[in-house]
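Values quoted throughout were computed directly from the atomic coordinates according to the rules given, and no laboratory measurement underlies them. A quick note: this is a predicted structure, and the numbers were derived from the prediction, not measured. Virtual Cβ from ideal backbone geometry, glycine too; neighbours counted across all protein chains shown.
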Amino acid sequence: MWDKALGNRWGRIGLALAAGLLAGLAHPPFNVWIGLIGYPVLMLLAERSTRVRGGFWMGWLFGFAYFFIGCWWVAEAFFVNPAQAWMAPFAASLLPAGIGLFIGGATALYRALKPHGLVRVLLFVVCFSGFEWLRGHVLTGFPWNPVGASWIAGSAPSQFASVVGVYGLGLVTLLAVCAFGPLMLGVRDRKNWLVAATGAALLAGLFGFGSYRLASTEVQPSNTLVRIVQANVAQENKWSEDYYNDILQRYLDLTAQPAERTPDVVIWPESALPDLANNVFAREDARAIAASLKEGQVLLAGLSRADVVPGQDVQYFNSLFALTALGSEGLRIDAIYDKHRLVPFGEYLPLGDVMGAIGIRSLVQMPSDLSAGPSPAPLTVPGLEQFQPLVCYESLFPGFTDARAATRPAWIVNVSNDAWFGQTSGPLQHLNLASYRAIETGLPMARATPTGVSAMIDPLGRIVEGSRIGNGEARAVDVWLPKPLKVTSFGLWGQISYGLLMAALMLVCIFMRVVHRRHS
């Protein structure tokens with residue numbers, strides 16, 4: 001069957017698309033991890049291509065299907081503004097078509113290197129993993145649904161990200177599942193069975209390591225009580241002046257909700273109010289916010305702000321404000337974090353002049369694109385342990401939180417606006433991806449969004465019981481902040497661990513190719 005399908009053009013096209021769909025189904029909300037079998041299918045399709053160009057098209061078709069099922073929700077954002085609705089089908093198709101080029105590049109390189117024998121599994125993993133890393137870095141990067149995140153955050157296999165990060169976990173996952181590729185061709189000799197057995201051992205190792213870590217690690221609560229507020233504000237209302245008072249009142253009511261113990265800190269999501277912070281603080285609204293808090297309580301609120309410098313263009317920032325309630329004196333601004341990594345086309349427009357000329361503009365509800373803040377750094381606020389803010393998109397990137405012992409914060413605060421994506425798979429995938437930052441660093445994460453999913457995530461990537469606020473819910477939850485774990489291996493070494501894995505595989509590939517040439 002395989003030979004017949006691989007030898008037919010339309011059969012290869014169908015297999016490439018099916019393999020991409022299968023691999024995409026491993027991610028939330030589907031969580032069908034058997035879909036990982038799509039990767040060895042892609043390996044076989046690429047190596048059976050008669051030309052390098054054919055290898056590229058196999059990878060691109062796989063990538064298009066993979067990212068279409070993983071990113072179709074992006075079209076939802078364009079329906080918020082009726083004037084931009086015409087862009088929705090283009091976004092849903094052009095995004096997977098564009099980022100599918102990275103997988104096409106990986107399979108083209110793999111085919112160009114003329115894979116053979118047992119080395120082909122290692123070679124495929126090196127090519128695929130290398131291009132996946134590039135996807136997360138080129139043009140600010142788009143590390144959505146890397147292979148490693150196929151495992152649900154908090155599960156046993158996901159725990160290996162504490163050692164090598166999500167990219168390293170993806171590399172090991174690929175190595176394990178692609179080891180079954182040679183057997184899929186029906187050639188069941190001793191060497192192929194040995195390779196498959198090695199793959200099975202790697203999978204068993206992932207589950208065994210993770211199960212031991214989960215069973216042997218005790219997560220203790222700290223003395224900090226956190227209130228996570230989700231007001232369920234739909235994106236179409238989020239920036240409407242008509243809804244301003246209603247939205248503000250929702251946040252005030254949930255913030256002031258009575259409790260047996262007063263929370264130490266309250267968290268509002270990204271861009272919580274439909275106005276600039278400059279205007280909010282200039283009105284009596286600031287006093288209303290202070291009145292919803294107890295004196296001394298800290299509010300971490302996602303708000304947009306304008307930086308007005310005389311004689312210069314106004315700059316707009318997507319920010320997180322740390323505010324302390326001073327009773328009748330209002331609010332004190334203790335710290336401001338300006339989002340560093342902005343969303344292309346969402347918060348700023350690459351090639352803005354060219355795009356603007358054809359009627360395309362960013363989705364941001366500001367007179368101009370947002371500006372990027374400085375590199376991420378922990379914030380220190382009186383009465384709270386030091387924390388690392390991550391605004392929305394930034395939670396996709398490994399390494400944004402410096403988890404080395406000397407500079408290590410105690411927790412991560414992730415404010416996001418997943419209202420853009422409505423009742424789609426986007427918020428569930430974003431939650432899964434963000435949770436990997438907790439596993440990698442050994443730090444708990446408090447996550448707040450306007451429509452869901454909001455939650456407290458423990459240092460093992462698991463949602464703390466009772467803290468999850470689902471998509472479409474309006475609720476506030478009080479939850480004890482977990483204590484951080486000891487610094488993880490990935491926290492100490494960062495991407496160096498992934499680089500060492502890649503270097504080791506490349507050296508083995510080179511060695512095996514040299515040996516093959518000497519014996520041929």
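Any idea which of Leu431, Phe281, Trp239 is furthest toward the positive side of the dipole for segment 221-484, if Lys and Arg beta-carbons carry +1 and Asp and Glu beta-carbons -1?
My answer, from the dipole projection, is Leu431.
Please report the spacing between the Cα centers of segment 95-159 and segment 301-352 in Å, no decimals.
Taking the Cα centre of segment 301-352 as reference, the centre of segment 95-159 is 35 Å away.
What number comes out for the charge environment of Glu394, summing +1 per Lys or Arg and -1 per Asp or Glu over other residues with Cβ under 13 Å away?
Neighbour charge sum, excluding Glu394 itself: +1.
Which angle from 0 to 90°, rounded to the nearest 10, does the C-alpha axis of helix 52-71 make with the longest principal axis of the chain?
Around 30 degrees separate the two axes.
Relative contact order for segment 221-484: what is it in percent, counting Cα pairs under 8 Å that are at least 6 residues apart?
22
Magnitude of the Cβ-charge dipole of the chain, K/R +1 and D/E -1, about the Cα centre, nearest 20 debye?
2980
I'd like the distance separating the alpha-carbon centroids of segment 248-292 and segment 463-520, in whole Å.
Result: 36 Å between the Cα centres.
Which of the peptides 479-488, 145-154 is most tightly packed, and how do the rest follow, judged by the mean count of other Cβ atoms within 10 Å per residue?
Per-residue mean Cβ counts within 10 Å order the peptides as 145-154, 479-488.
Let me know the charge dipole size of segment 208-318 about its Cα centre in debye, to the nearest 20, where only the beta-carbon of Lys, Arg (+1) and Asp, Glu (-1) is charged.
Charge dipole of segment 208-318: 400 debye, to the nearest 20.
Per residue, how much space in cubic angstrom lies within the convex hull of the C-alpha atoms of segment 221-484?
135
Can you give me the long-range amide H partners of Glu347? Hydrogens built in the peptide plane at 1.01 Å from N, cutoff under 5 Å, separation of 5 or more residues or another chain.
Leu363
By how many degrees, between 0 and 90 and to the nearest 10, does the Cα long axis of helix 190-216 differ from the longest principal axis of the chain?
Between the helix axis and the principal axis of the chain, the angle is about 20 degrees.
Using alpha-carbon pairs under 8 Å, 6+ residues apart, how would you state the relative contact order of the chain in percent?
It rounds to 15 percent for the chain.
Among Phe400, Asn8, Ile336, which residue has its Cα furthest toward the positive end of the charge dipole of the chain, with +1 on Lys/Arg Cβ and -1 on Asp/Glu Cβ?
It is Asn8, whose Cα lies furthest towards the positive end.
To make sure I understand, if each residue's beta carbon is the centre and we count other beta carbons within 10 Å, what order do Arg213, Arg120 fall in, fewest to most?
Placing the least packed residue first, the sequence is Arg213, Arg120.
Place the peptides 490-502, 434-446 in order of packing, highest mean first, counting for every residue the other Cβ atoms within 10 Å and averaging per peptide.
Those peptides, ordered most packed to least, come out 434-446, 490-502.
So if I place +1 on the C-beta of Lys and Arg and -1 on the C-beta of Asp and Glu, and nothing else carries charge, what would the dipole magnitude of segment 221-484 be about its Cα centre? I want it in debye, nearest 20.
Its charge dipole is roughly 640 debye.
I'm a student and want to see the number: the projected area of the Cα convex hull of the chain, averaged over all directions, in nm².
26.0
Taking the Cα centre of segment 221-484 as the origin and placing charges on Cβ (Lys, Arg +1; Asp, Glu -1), which of Ile412, Val309, Ile267 is farthest toward the positive end of the dipole?
Ile412
With a cut-off of 8 Å between alpha carbons and a minimum separation of six or more residues, what is the relative contact order of segment 57-170 in percent?
22
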